[in-house]
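Taking it in order: structure first as structure tokens, then the write-up.
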Amino acid sequence: MAAPRVRLPRRPVHGVLLLDKPVGWTSNDALQKVKNLLRAEKAGHTGTLDPLATGLLPICLGAATKFSQVSLESDKAYRATLHLGQTTVGGDREGAVLLERPVRCDRVAIEAACAALSGEQMQLPPMHSALKVQGKALYEYAREGIVLERTPRAVTIHRIDIVSWQPDMPHELVIDVRCSKGTYIRTLAEDLGERLGCGAHLSALRRTASGPLQLARAISLEAFLQLDEAGREACLLPPDALLRDWPALTLAADDAARFLAGMRRRGQGPDQPAVRVYGPDGRTLLGSAHITAGELIADRLLSPLEIQAMRPVAAASTP
């Protein structure tokens with residue numbers, strides 16, 4: 001009889017892990033693996049990547065989960081590899097080929113198509129996506145051969161840059177895309193292919209940025225697995241890494257105590273939709289807030305236990 005599996009006790013862990021998600025893993029698979037390796041009580045990721053996709057997956061632990069929505073709402077950046085001349089089921093390399101057409105475009109035509117697809121637009125979520133309808137992901141319906149009616153959503157393509165173009169077989173186009181949250185790159189690939197008159201599907205996708213967070217600082221899952229627990233904890237960024245784009249405000253001790261009690265504070269400067277608030281040392285994050293009519297109004301507050309647990313980590317933050 002096999003020995004009973006020993007459950008390791010969970011513990012409070014606070015911070016943000018920038019994970020380079022491997023191909024073939026779901027975002028939730030990667031999240032659960034990291035959570036278990038760190039024995040963390042609480043964890044969540046900040047935006048789903050399809051199993052086909054690799055790249056930046058910020059994983060929030062403990063107190064950082066209070067600010068995960070900030071990363072979810074942030075602009076994203078991707079490097080996408082498109083295969084021109086073939087339209088597939090689902091819009092990626094894993095789907096069966098539906099249609100093949102000759103590729104007769106040149107770089108000038110591709111640049112024009114990229115420019116035409118930049119800016120604000122309405123995009124129809126693909127059936128092969130993680131968007132949920134009645135608690136079930138669209139890709140689950142698609143696997144059952146069910147196609148649901150979907151509502152187009154407003155997205156913004158800030159820019160599309162051509163990285164490389166292979167005009168000969170296999171007609172491979174690599175682009176960098178900076179876009180708003182909720183943009184489906186496989187749909188963008190299909191739209192680009194239709195504008196070029198040859199069709200296209202997504203053969204590879206890599207997320208390179210999410211708001212201020214960059215793939216260059218991410219660690220691969222393989223490398224993370226090789227570390228001991230202390231080494232894994234050393235990879236964590238402080239929770240305010242999610243808020244680096246926001247103005248910082250430092251409070252004196254009395255005002256900090258009142259802020260943590262949820263009290264509004266007057267005379268805190270010009271109106272701001274979002275600020276990160278620090279204690280008297282300028283390094284210890286207290287929470288997030290906004291300033292309206294000169295009043296500092298708390299949005300998300302850290303608990304005294306969270307603040308105390310993160311004091312050694314906070315010194316690594318740069319307000």
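Accessible surface of Lys66, taken over heavy atoms with a 1.4 Å probe and every protein chain present, rounds to 50 Å².
Going by the alpha-carbon gyration tensor, a ≥ b ≥ c the square roots of its eigenvalues, is the range 176-302 rounded (a/c under 1.5) or, if a/c is not under 1.5, prolate (a/b greater than b/c) versus oblate? Oblate shape, in that a/c is at least 1.5 and b/c is the bigger or equal ratio. Compared with the dominant Cα axis of the chain, that is its longest principal axis, helix 107-116 is turned about 50°. Per-residue SASA remark: Tyr139, around 80 Å² accessible (1.4 Å probe; ligands, DNA and RNA not included).
Where does the charge balance sit around Arg104 when Lys and Arg score +1, Asp and Glu -1, over other residues with C-beta under 15 Å from its C-beta?
Values: positive: Arg101, Arg107, Arg195; negative: Glu100, Asp106, Asp168, Glu194.
Charge balance near Arg104 sits at -1.
Just add up the charged neighbours of Pro212: K/R +1, D/E -1, any other residue whose Cβ is under 11 Å from the Cβ of Pro212. Every neighbour counted, the sum reads -1. Of the Cα atoms belonging to the range 42-81, the radius of gyration and Dmax stand at 11.2, 36 Å. If you look at the Cα atoms of the range 1-85, you get an Rg and a Dmax of 15.6, 56 Å.
Using 1/(1 + (r/R0)^6) with R0 = 45 angstrom and r between the beta carbons of Gln121 and Asp254, what's the FRET efficiency to the nearest 0.05?
0.35
Carbon-plus-sulfur fraction of the accessible area of the range 192-319, 1.4 Å probe, in percent? Before the final figure, lay out the partial values.
Details: 3190 of 6180 Å².
The computed percentage sits at 52.
Rg over Rh for the range 212-279 works out to 1.15, using Cα positions for both radii and the Kirkwood form for Rh. Calculate I(q)/I(0) for the chain by the Debye formula, one identical point scatterer on each C-alpha and no solvent, and give its log10 at q = 0.07, 0.11, 0.16 Å⁻¹ to two decimals. Listed by q, the Debye log ratios stand at -0.35, -0.80, -1.26. Starting from the Cα of Lys42, draw a straight line to each of the lysines and keep only those under 21 Å, dropping any in the same chain fewer than 8 residues away. Here the lysines satisfying the reach criterion relative to Lys42 are Lys21, Lys33, Lys66.
The values are calculated or read from the model by the stated rules, or taken from the named source; none is laboratory data. Not measured: the values here are computed from a predicted model. Backbone-built Cβ (ideal geometry, glycine too); neighbour counts: all protein chains shown. Just the protein is used for accessible areas: all its heavy atoms, side chains included, with ligands, DNA and RNA removed. Shrake-Rupley method; radii C 1.70, N 1.55, O 1.52, S 1.80 Å.
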